[in-house]
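Asker: I'd like to ask you about the structure that follows.
The values are calculated or read from the model by the stated rules, or taken from the named source; none is laboratory data. Not measured: the values here are computed from a predicted model. Neighbour counts are summed over all protein chains in view; Cβ atoms, including those assigned to glycine, are modelled from backbone coordinates with ideal geometry. To get the accessible areas, we keep the full protein, side chains included, count just its heavy atoms, and leave off ligands, DNA and RNA. Shrake-Rupley method; radii C 1.70, N 1.55, O 1.52, S 1.80 Å.
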Amino acid sequence: TAIMVGSVAGHPTAWAGLEAWFPFDFLNLLGFASGSRVGAPWIEFLDAEGHIVKRIHTHLGTNRYEMGRAFIHGPINRGELGRLLTCAGMSPEFDKTYIRGAMNHLLLGVRYSQALEDKISYLSRGLDALAGEFGLGTQYLLERADDSVKSQVKDVLRSTSSQIADMAREQDARGCIDIASSLRRIAERTITTPANVDRDFGLTVMSLLERFGLNDTAVVDAYYQSNPRADGRKWHQVLSHYRGLSQHGGAFRVRTKEHSPVEIYKLSNHLADIIARIILTQLGYDGEYQRATLTWRASSGLD
């Protein structure tokens with residue numbers, strides 16, 4: 001247990017007026033640093049002599065202790081928690097919704113009691129929150145292609161749509177109305193659904209890493225090239241695969257050995273580490289932290 005002490009400095013002390021100035025998000029930040037969500041049962045207001053003049057009973061954070069992965073370890077990262085609180089308090093990003101959302105999902109994802117499916121699900125949501133803030137949730141696959149390539153792709157799609165429409169007319173002539181309707185729908189989607197626009201989680205993560213100058217993609221791709229997977233998937237495809245299973249009610253098929261619990265666990269740690277580095281960067285933190293990808297305690301820089 002602990003007490004966080006600060007000055008009211010003339011701000012309103014009614015519950016309705018606290019949102020504008022009270023540092024509610026510091027509790028989340030303490031949870032992020034320690035790996036265990038921090039809560040508080042009340043807020044007390046004291047006079048100059050230290051006497052309680054008002055207490056607001058509330059429910060901030062949680063009242064149940066659950067251990068999780070810490071990103072700042074007191075005995076090793078001495079003084080870094082204070083630095084983090086100071087940097088966050090000065091950062092214009094600290095009170096923004098995307099930071100709060102990403103941090104909440106991260107705290108849920110790093111709990112030791114969390115099932116692997118839930119870990120991947122929460123951490124994927126945290127990355128989605130960060131990607132959405134920077135407009136990286138959608139990929140324009142031909143963004144770097146020149147106009148001639150874009151034009152050729154459109155011509156091929158129009159030609160394909162026309163050929164499928166011809167097939168639909170043939171099925172109409174044979175009396176296969178249901179098949180003809182399906183073919184017409186496919187023909188319409190061939191030209192109405194943008195073929196160069198995608199919402200792929202793996203590609204989103206890669207775009208987010210590139211946005212912050214983090215080299216994870218190059219490192220993992222090099223490893224996959226030297227150690228090809230049996231299913232042939234690349235890293236961004238692996239990310240999308242596990243995220244899709246966790247978000248849409250699918251289970252990881254560990255018993256049939258289709259999925260490896262060790263791989264999933266390591267992947268969850270990597271995703272947590274990406275979220276942590278981005279949050280710390282956005283908060284202007286310039287100290288060291290505990291990497292989620294290590295199995296031991298050691299200070300690391302964000303780069």
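Asker: Return the total of residues in the range 251-283 being part of a loop (DSSP other than H, G, I, E, B) and under 19 Å from the mean Cα position of the chain (by Cα).
Answerer: Final tally of qualifying residues: 1.
Asker: Considering only residues that are aliphatic (A, V, I, L, M) and at pLDDT 85 or above, look in the range 188-215 and name the one that is surrounded by the most Cβ atoms within 10 Å (Cβ to Cβ).
Answerer: Filtering first and then ranking leaves VAL205.
Asker: Mind checking which residues of the range 240-261 are loosely packed, with under 10 Cβ neighbours inside 10 Å and over 22 Å from MET206 (Cα atoms)?
Answerer: Correct list: GLY249, ARG255, THR256, LYS257, GLU258.
Asker: So which of ARG297, ARG253, ARG277, ARG243 is without any contact (Cβ under 8 Å) to a residue 24 or more places away in the chain and not β-branched (Val, Ile, Thr)?
Answerer: Being without any contact (Cβ under 8 Å) to a residue 24 or more places away in the chain and not β-branched (Val, Ile, Thr) holds for just one of ARG297, ARG253, ARG277, ARG243, which is ARG253.
Asker: So, one more: Return the only residue of GLY213, GLY202, GLY232 being assigned to a loop (DSSP other than H, G, I, E, B) and within 22 Å of the chain's Cα centre (by Cα).
Answerer: The match here is GLY213.
Asker: Out of the residues in the range 80-99 meeting the condition of being part of a loop (DSSP other than H, G, I, E, B) and touching a residue at least 40 places away in the same chain (Cβ under 8 Å), tell me which one is most open to solvent (accessible area, probe 1.4 Å).
Answerer: Among residues in the range 80-99 that are part of a loop (DSSP other than H, G, I, E, B) and touching a residue at least 40 places away in the same chain (Cβ under 8 Å), the one most open to solvent (accessible area, probe 1.4 Å) is ASP95.
Asker: Mind checking which residues of the range 6-36 are exposed (fewer than 15 other Cβ atoms within 10 Å of the Cβ) and either in contact with a Ser or Thr (Cβ under 9 Å, 6 or more places away or on another chain) or closer than 26 Å to LEU106 by Cα (or both)?
Answerer: Of everything in the range 6-36, those that are exposed (fewer than 15 other Cβ atoms within 10 Å of the Cβ) and either in contact with a Ser or Thr (Cβ under 9 Å, 6 or more places away or on another chain) or closer than 26 Å to LEU106 by Cα (or both) turn out to be TRP15, GLU19, ALA20, TRP21.
Asker: Return the pairs, sorted by first residue and then second, in which the second residue is in a helix (DSSP H, G or I) and open to solvent by 60 Å² or more (accessible area, probe 1.4 Å), the first residue lies in the range 159-179 and is on the phi < 0 side of the Ramachandran plot, the beta carbons are less than 6 Å apart, and the residues are 6+ apart or on different chains.
Answerer: SER161/ILE191; ILE164/ILE186; ALA168/ARG184; GLN171/ILE179
Asker: Provide a single number: the residues in the range 42-60 that are open to solvent by 40 Å² or more (accessible area, probe 1.4 Å) and in contact with a Lys or Arg (Cβ under 6 Å, 6 or more places away or on another chain).
Answerer: Of the residues in that region, 2 qualify.
Asker: For ILE264, are the conditions met, namely being at pLDDT 95 or above and either open to solvent by less than 30 Å² (accessible area, probe 1.4 Å) or closer than 15 Å to SER124 by Cβ (or both)?
Answerer: So ILE264 fails the test.
Asker: While we're looking at this one, here's another question. Please enumerate the residues belonging to the range 235-280 that are of a type in the set (D, E, K, R) and under 22 Å from ALA292 (Cα atoms).
Answerer: Answer for the range 235-280, where residues must be of a type in the set (D, E, K, R) and under 22 Å from ALA292 (Cα atoms): ARG243, GLU263, LYS266, ASP273, ARG277.
Asker: Taking HIS11, is it out of contact with any strand residue (DSSP E or B) (no Cβ under 9 Å at 6 or more places or on another chain), outside any helix (DSSP H, G or I) and modelled with pLDDT of 90 or more?
Answerer: Yes, satisfied.
Asker: Name the residues in the range 143-192 that are closer than 30 Å to SER207 by Cβ, among the small types (Gly, Ala, Ser) and assigned to a helix (DSSP H, G or I), would you?
Answerer: Scanning the range 143-192 gives SER148, SER151, SER161.
Asker: Follow-up. In the list GLY68, GLY39, GLY109, which residue meets the criterion of being touching a strand residue (DSSP E or B) at 6+ places or on another chain (Cβ under 6 Å) and buried (at least 17 other Cβ atoms within 10 Å of the Cβ)?
Answerer: GLY68
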